[in-house]
Amino acid sequence: MLIRKSLASIAAAGLLALAACSGPVKDDKASDFVAKASVANLFEIQTSELALQRSQNPEVRALAQAMITDHTKAGADLQAALTAAKSSVVPATALDEAHQKKYEDLANAKPEEFDDKYVDIQTDAHNEAVALFKDYSDGGAAGPLKDFAAATLPVLEGHKAKVDTIDDVTHSGATNSAKASEEASESAAGH
């Protein structure tokens, strides 16, 4: 009997020691959301700053400016939500490797390809962002971070709609330019 009590005491002490060493329970879903959302936010801003420097298309430039304005606000709102939640999670301050590569590919795009590549990047980024924010809005822990995700989701959905509209215009414009160039070549060859 004494041996059982001793074993039980040792096991209980071990569990208490393990709990004490592990510290506070961390919300991995919140950490994952913040990491992904903050990198995506930085990516939107940085690629849009590049678009303002390189694009001559007024629609692309207007989209880029809206992205910078809205995503700068989203970054501040994310930080405010983390502060309100008294969270120790820290947003990313630099792009991860995958986003850095996409940024570099865009930065190295030929001038005639830049707008299409920028819009394609925005399409992919907003599809991912809408899914990420919807997932956290639906399944995240109640509190300021979930409220931030729910409040930001409609803005991201609006961005996605704008990007889709501009995608149709830039791709049809590229198609029309290619057709016009092809027709001009055929006409010149026929004479």
Would you please name the residue that is surrounded by the fewest Cβ atoms within 10 Å (Cβ to Cβ), looking only at residues in region 75-104 that are charged (D, E, K, R) and in a helix (DSSP H, G or I)? 97
Look through region 29-44, keep the residues that are hydrophobic (A, V, I, L, M, F, W, C) and over 8 Å from the mean Cα position of the chain (by Cα), and return whichever of them is farthest from residue 138 (Cα to Cα). 35
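Restricting the search to region 56-82, which residues are of a type in the set (Val, Ile, Thr) and in contact (Cβ under 8 Å) with a residue 40 or more places away in the chain?
Answer for region 56-82, where residues must be of a type in the set (Val, Ile, Thr) and in contact (Cβ under 8 Å) with a residue 40 or more places away in the chain: just 60.
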Leading residue by the ranking (modelled with the highest pLDDT) among those in region 159-183 that are of a type in the set (A, V, I, L, M, F, W, C) and surrounded by fewer than 14 Cβ atoms within 10 Å (Cβ to Cβ): 161
Being over 15 Å from the mean Cα position of the chain (by Cα), within 17 Å of residue 35 (Cβ to Cβ) and in contact (Cβ under 8 Å) with a residue 40 or more places away in the chain narrows it down to one of 107, 141, 125, so name that one. 141
Residue in region 130-137 that is surrounded by 21 or more Cβ atoms within 10 Å (Cβ to Cβ), hydroxyl-bearing (Ser, Thr, Tyr) and in contact with a helix residue (DSSP H, G or I) (Cβ under 7 Å, 6 or more places away or on another chain) present: yes
On the given criteria, is residue 147 more than 20 Å from residue 164 (Cα to Cα), assigned to a helix (DSSP H, G or I) and at pLDDT 95 or above? yes
Restricting to region 56-74, and then to whatever is surrounded by 17 or more Cβ atoms within 10 Å (Cβ to Cβ) and of a type in the set (Gly, Ala, Ser), can you tell me which residue is nearest to residue 45 (Cα to Cα)? 64
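The values are calculated or read from the model by the stated rules, or taken from the named source; none is laboratory data. All of these numbers come straight from a predicted model, not from anything done at the bench. When we count neighbours, we look across all protein chains shown, and the Cβ atoms used for this are built from the backbone with ideal geometry, even at glycine.
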